[in-house]
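Structure, as structure tokens:
FYI, it's all coordinate maths here, none of it is from the lab. Note that the structure is a prediction, hence the values are computed from the model and not measured. Because the Cβ atoms are built from the backbone with ideal geometry, glycine has one as well, and the counts that use them run over all protein chains shown.
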Amino acid sequence: MKRMILTMVAAGLVVGTTGVAFADNIHQRKENQQERIGNGVKNGSLTPRETVNLEKKEGALNHEIHHDRVRNGGNLTNKEKAQVDRQQNHLSRQIYRDKHNGIGK
């Protein structure tokens, strides 16, 4: 009986921390991407137009995340988490392409 209770508690901790870890991952990726955009502005590899476009996309994604969390009582569903991950991947690739297209420098 004790073993079953300990297993259930351990499983609950794993599931509970996974949601927190994913939320931290979303936040950390947002911070990293903002830093990458800032570095591109600072070193001249991003033009003002590219910067505005990237910032607009980042802002729209942040607004969508906020809206989804408000709608779901502060949490994201698994489907929404997967969608945010795909959108962050797309934005990350766009940052890379804009920084390395040779237009800024």
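For D24, the shell of other residues with beta-carbons less than 15 Å away shows a net charge of +2, using +1 for Lys and Arg and -1 for Asp and Glu.
Derived scalar couplings between HN and Hα for region 46-53 equal 10, 7, x, 5, 4, 4, 4, 4 Hz in order, rounded to whole Hz, by the Karplus curve 6.51 cos²θ - 1.76 cosθ + 1.60 (θ = phi - 60°), x for Gly and Pro.
3J(HN,Hα) along region 33-38: 5, 4, 5, 5, 5, x Hz, from the Karplus curve 6.51 cos²θ - 1.76 cosθ + 1.60 with θ = phi - 60°, whole Hz, x for Gly and Pro.
Computed about the Cα centre, the dipole magnitude for region 33-104 is approximately 120 debye when only Lys and Arg (+1) and Asp and Glu (-1) carry charge, each at its Cβ. Close amide H partners of T47, meaning residues 5 or more places away or on another chain with modelled amide H under 5 Å apart, are G104.
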